[in-house]
Amino acid sequence: MGRKLIEVLAPAGGAESLEAAIKAGANALYLGLKGFGARRRAINFEMEELLKKIDEAHLRGVKIYLTLNTLMKDIEIESIYGNIKKLYEQGIDAIIVQDFGVFYFLKKNFKDIEIHASTQMTVTNHVEAKFLQECGFDRVVLARELSFEEIKRIRKEVEIDLEIFVSGALCISYSGNCYMSSFIGRRSGNRGMCAQPCRRLYKKGKEEKYYLSPKDQMYGIDEIKKLKEIGINSIKIEGRMKNKNYVYETTKYYSEILKNEEKENNTKKIFNRGYSSGYFYGKNKEMMNQEYSFDFGYNIGRVKNGNLLLEENIMLGDGISFVNKYYEKIGGTYINKILKNGKESIKKALTGDVVYIPKIPKNTKWIYKNYDKLINDEIENKLKLDKRRRKIKARLIAKVGVKLKLEFFVNNIIIKIEKEILEPAKKTMDLGKIQKSIMQLGNTSFLVNKVEIDYDGIAFVPLSLLKQMRREAVNELEEKIKLSYRRKGNKKAIYINREKKGIGNKESKNIEIAVRVQNKKQEEIVRKYGIKKVYYENEKIVKENELELGESKKDLIKSSLIKNIYQYMNTDDKVQLDWEMNTFNSYAFKFWEEQKRVDMIYLSLELSKKEMNKIYGCGIKKGLVIYGKIKVMQIENDIFDKKEKLENEMGDKFEVTEDTKIYLEKPLNLISRIKEIEKMDIDEIRLDFFDESETTIIKIMEDLKNQKSSTKIYNYEEGVY
């Protein structure tokens, strides 16, 4: 099967960024409706505005993808039908999703809609990509933690479209598997409300740094060429929270690379907290920036004896920050005066110059530029002047005795306009003028890049008539293009047929008790307390290189408690899906019920008890973790060399393993709520032991027997935003 041309997919957090991305050469845009998607704090779009933008983009040959890449409750899924129907009928090109329930609902109601699996689904190997293709997904956005060699192997193994993030902010944890914001502040990254705890200061012993803050990702020419060579379908630019100038510059950079044209990369001069190639060449400690986590700008020089030795050019109007030796900002300003040789006032200075800038604060060691006036002025000017027009072909037939005919061609659309029968001309007509008249499309969405004129050399072609025909052809072409995307949705939505029984019980029910352990010693202790059902913990992530290195299924799958699609696909018996599979609604239960092999699903710990009670299990049993240290981050990079303890500015404490998994120090504990849970529609409760001592495990098991303990409920009462 032949590969499609590689696509530049740009972010559109609002109307200005959308227009900037189109003008910069994006082939497709991803954006969100207000209130939905993983960037709910971006400007996003109102419905009527988005419907218009879809048409505007299509006229210029640009696709629009809608982001619904968050976990959703039943009521939210069912309430989106009307909005999705409008977008579907308008011609939205694809929808990006994280939630299997959202996927199930969309496929049932909009059978031919194109659906992309978000990077929030944490696809890290070809087995998982194949499963999603078999389910009906059209594209997979691979996890950002994959190296090029892993991406290359996945590309070789699957036919489904593959999309790769090539620039922008990196989540330090695997996307879709970061729960820190949720459990310390009820702001869920899986619901588009991440508070970015990775960008905060943390204490490790006496040291305080931005230990969890990565630099932004930026692939260059070499990396993009490699992705192009192996047949990646789409390169994605992160940035729905960035401004239009950032979007324009970054999109233009990648568009030019794919055209084999040279362009300086000025993105780093618009937004900069440090850049790296991410995981492209494997794990990389250089991708971390533990000194600062925000847009710091870039270093333009060092202060000595009150003067600035320049390492970059500066000019009046540049924005700068004054930075001390601890990388703390101690001030900032716009440059309004530059003195050279102590007295000469100049408008700009060059690399190597020693200059004086007034009011440099005491203790300033470096000066960083965080607003480059020259570059931003250039971009603003390009945004005013640049046009993005769709190339079309035109043909004119002008012969005596037949009707004048003008035709426009784009893709499979043909427009034909015919007018009056032509008479002989009194003098020879200028073909150049006729061609120019055809090509004068003014401020439309089109550009005639090829003209064919079939002229007999004697017919008179009234230019005023040709102008009228050209306008009619443009109007008709616009309508035909828009109509070519229109579809008809179902009259009524298809919802799950819920049975009344089993959605919460007034009477208590017998609930099976299970325990998850890490080793045989923990198992021996819990068995003494009569626990019959014991799980061993599976790894959350199975990367492509583990399969390539021949890791055995026995090492990768230690029990039927499933944490990822790979484990599901390689377990023959009935399985139980763990809570980290992010099952959030009845539609996700229905999806898994149709897969036939799921016996039980552990509910997401981001749900409140009230929300849990509203979920219809579709014949699948429901489980709930009632005790355990919660893993809030799983990080691919080796940030620490040994076990560590971290504490944030709010006093929340965390334990870090040697392989950089981060756990809450205080475990979830709902043991004292068991009587209440027995009245919920829960079939199994589970205790998860991690690194607890034997003494602690015995105490917890005694608490379980007595159903009394100190309580730590986290999201159990109120859920998350």
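The values are calculated or read from the model by the stated rules, or taken from the named source; none is laboratory data. The model shown is predicted, which means the values in this text are computed figures rather than measured ones. Cβ atoms come from the backbone with ideal geometry, glycine included; neighbour counts cover every protein chain shown.
Listed values, structure above:
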| read-out | value |
| --- | --- |
| Pair list, Cβ < 9 Å and 6+ apart or interchain, from region 216-243 residues that are in the same structural domain as A143 (by TED's automatic domain parsing) to residues that are assigned to a helix (DSSP H, G or I) and small (G, A, S) | I237/A21; G239/S17; R240/S17; K242/S17; N243/S17; N243/A20 |
| Test: residue in region 48-57 that is assigned to a helix (DSSP H, G or I), within 19 Å of G489 (Cα to Cα), in contact (Cβ under 8 Å) with a residue 60 or more places away in the chain and of a type outside the set (S, T, Y) | yes |
| Test: residue in region 304-321 that is assigned to a strand (DSSP E or B), surrounded by fewer than 22 Cβ atoms within 10 Å (Cβ to Cβ) and free of Cβ contacts under 8 Å to residues at least 24 places away in the same chain | yes |
| Pair list, Cβ under 7 Å, 6 or more apart: region 259-272 residue among the aromatic types (F, W, Y), other residue crowded, with 19+ Cβ neighbours inside 10 Å and modelled with pLDDT of 95 or more | F271/K242; F271/Y246 |
| Which listed residue is touching a residue at least 12 places away in the same chain (Cβ under 8 Å), closer than 30 Å to Y211 by Cα and part of a loop (DSSP other than H, G, I, E, B), from K679, K666 | K666 |
| Exclusive hit being in a helix (DSSP H, G or I) and either out of contact with any helix residue (DSSP H, G or I) (no Cβ under 7 Å at 6 or more places or on another chain) or among the basic types (K, R) (or both), set K384, K369 | K384 |
| Filter result (part of a loop (DSSP other than H, G, I, E, B) and not aliphatic (A, V, I, L, M)) within region 413-457 | E423, K426, K427, T428, D430, Q440, G442, N443, T444, S445, D456, G457 |
| Selection count where residues are of a type in the set (D, E) and at pLDDT 95 or above, scope region 499-514 | 1 |
| Only listed residue being β-branched (V, I, T), in the same structural domain as N613 (by TED's automatic domain parsing) and either at pLDDT below 95 or within 30 Å of L142 (Cβ to Cβ) (or both), chosen from V526, V534, V542, V517 | V542 |
| Residue among N564, N613 that is of a type in the set (S, T, N, Q) and over 24 Å from the mean Cα position of the chain (by Cα) | N613 |
| Some residue of region 284-292 being modelled with pLDDT of 95 or more, outside any loop (DSSP other than H, G, I, E, B) and touching a strand residue (DSSP E or B) at 6+ places or on another chain (Cβ under 8 Å) | yes |
| Lone unmet requirement of (1) of a type in the set (A, V, I, L, M); (2) over 29 Å from D74 (Cα atoms); (3) within 18 Å of the chain's Cα centre (by Cα) for V158 | (3) |
| V140 assigned to a strand (DSSP E or B), over 28 Å from L59 (Cβ atoms) and within 20 Å of the chain's Cα centre (by Cα) | yes |
| Qualifying position, being over 30 Å from L483 (Cα atoms), touching a strand residue (DSSP E or B) at 6+ places or on another chain (Cβ under 6 Å) and of a type outside the set (K, R), among A459, A473, A394, A425 | A459 |
